Amino acid sequence: MRHTLPIAPQFYVTAPQPCPYLADRMERKLFTALQGDVAERMNDSLSKQGFRRSQNVLYRPSCADCSACMSARIRVADFEPNRSQRKTLRRNATLKRQATSPWATEEQYQLFRRYLETRHSDGGMADMDIFEFAAMIEETPVRSRVIEYTAPPKGQSRKRTLAAVCLTDVLDDGLSMVYSFYDPDLPGHSLGTQIILDHVEIAREAGLPYVYLGYWVPGSPKMGYKANFAALEIYKHGTWQDLGDPHDHCAETHPLSVPPIAEQVSRITLPDGRPTTG
């Protein structure tokens, strides 16, 4: 039986607010609700079109005069770690991975708070309480997993300690790293890099071609690290393309850099192959 969307999803635009990646700029997002029995197909389809998931919402940057944010993904089959990344893998060889259902724990939240206080104390999540944290982890209408990484016991303890966590969506063509955090007291372990490298391995084992990393933003110190990964593609001008030389991409503003909202929505393809009607 052919399944279609009886009513096209509605798309909305957020009010402008300060950009978290580039100073002195305002960000705006195009978003739609993710719900019902087509949620997984919507997540699959729109992720291929530069969207990201946050709980039951899919969003994509749609700033008035800036198009610096570009969705990024690693081609698993072509990826080879560089020398520094191989050292990271060896350094973290004692970590143990465990994949669980999306269920929040007190231990995860305590690690999350320590991570935010050290790395993102001025970010939008800085005031998130445990109930909001639980919602971020658990309110998912799609196939999601929590990937935990534990380190060997310390001292007299017999219990392994939680070192890193990643909330991950399983798409039809890859893994989407929704949000990750890790122990800020282990800076020499490059745990952020380790999580990405391990997700490439998970995708390889599962036969999935891509690992979606979120947005790469040229000129942003927070997001520049993603360009260090080989076989990286970015979603630019409506197509996926090799990153190439990161310096070839600029973050300059221009009043014509972003199409009008109605035009953007009309170009979005829904899960059944139909374009939206605006």
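The values are calculated or read from the model by the stated rules, or taken from the named source; none is laboratory data. Values in this document were obtained by computation on a predicted structure and should not be read as measured data. Reconstructed Cβ throughout: ideal geometry from the backbone, glycine too, with neighbour counts over all protein chains shown. Side chains are part of the model used for accessible areas, which takes the heavy atoms of the whole protein and leaves out ligands, DNA and RNA. Shrake-Rupley method; radii C 1.70, N 1.55, O 1.52, S 1.80 Å.
With respect to residue 135, is the statement that it is within 24 Å of residue 176 (Cβ to Cβ) and either among the aromatic types (Phe, Trp, Tyr) or more than 16 Å from the chain's Cα centre (by Cα) (or both) true?
Criteria met by residue 135.
Across the range 144-165, the qualifying residues are those that are at pLDDT 90 or above and of a type in the set (S, T, N, Q), and the one among them that is nearest to the chain's Cα centre (by Cα) is 144.
Among the criteria (1) without any contact (Cβ under 8 Å) to a residue 60 or more places away in the chain; (2) under 15 Å from the mean Cα position of the chain (by Cα), the one residue 71 does not fulfil is (1). Using the structure shown, decide if residue 55 is surrounded by fewer than 20 Cβ atoms within 10 Å (Cβ to Cβ) and either over 15 Å from residue 264 (Cβ atoms) or within 20 Å of the chain's Cα centre (by Cα) (or both). Judged against the criteria, residue 55 is a match.
Pull up the range 179-206, narrow it to residues that are outside any helix (DSSP H, G or I) and in contact with a Ser or Thr (Cβ under 7 Å, 6 or more places away or on another chain), then point me to the one that is surrounded by the most Cβ atoms within 10 Å (Cβ to Cβ). Here the answer is 190.
Residue 134: more than 19 Å from residue 213 (Cα to Cα) and either surrounded by 11 or more Cβ atoms within 10 Å (Cβ to Cβ) or touching a residue at least 40 places away in the same chain (Cβ under 8 Å) (or both), yes or no? Yes: the conditions hold for residue 134.
Hey, among 78, 127, which residue is closer than 29 Å to residue 12 by Cβ, open to solvent by 30 Å² or more (accessible area, probe 1.4 Å) and not hydroxyl-bearing (Ser, Thr, Tyr)? So that I can check it myself, show each step before the final result.
Numbers: 78 fails: closer than 29 Å to residue 12 by Cβ.
Matching residue, one of 78, 127: 127.
When residue 11 is tested against the conditions (1) over 18 Å from residue 171 (Cβ atoms); (2) surrounded by fewer than 19 Cβ atoms within 10 Å (Cβ to Cβ), the lone failure is (2).
Can you confirm whether residue 232 is at pLDDT 95 or above, within 16 Å of residue 73 (Cα to Cα) and open to solvent by less than 60 Å² (accessible area, probe 1.4 Å)? Taking the combined requirement at face value, the residue satisfies it. Taking the range 44-146 as the region of interest, the strands (runs of 3 or more DSSP E) fully inside it that hold 2 or more residues being closer than 30 Å to residue 16 by Cα and touching an Asp or Glu at 6+ places or on another chain (Cβ under 9 Å) are 70-75. Looking only at the range 37-52, residues that are without any contact (Cβ under 8 Å) to a residue 60 or more places away in the chain and open to solvent by 40 Å² or more (accessible area, probe 1.4 Å) come to 1 in all. Restricting 98, 85, 110 to those that are surrounded by fewer than 13 Cβ atoms within 10 Å (Cβ to Cβ) and touching a Ser or Thr at 6+ places or on another chain (Cβ under 8 Å) reduces the list to 98. Restricting the range 6-27 to residues that are assigned to a loop (DSSP other than H, G, I, E, B) and in contact with a strand residue (DSSP E or B) (Cβ under 6 Å, 6 or more places away or on another chain), the residue that is nearest to residue 271 (Cα to Cα) is 9. Within the range 148-170, the residues that satisfy the criterion of being in a strand (DSSP E or B) and either over 20 Å from residue 93 (Cβ atoms) or open to solvent by less than 10 Å² (accessible area, probe 1.4 Å) (or both) are 149, 163, 164, 165, 166, 167, 168, 169, 170.
The set of residues in the range 227-250 being hydrophobic (A, V, I, L, M, F, W, C) and either under 15 Å from residue 71 (Cβ atoms) or under 18 Å from the mean Cα position of the chain (by Cα) (or both) consists of 227, 229, 230, 231, 232, 234, 240, 243. When 115, 109 are screened for being more than 18 Å from the chain's Cα centre (by Cα) and either at pLDDT below 95 or over 16 Å from residue 56 (Cβ atoms) (or both), only 109 passes.
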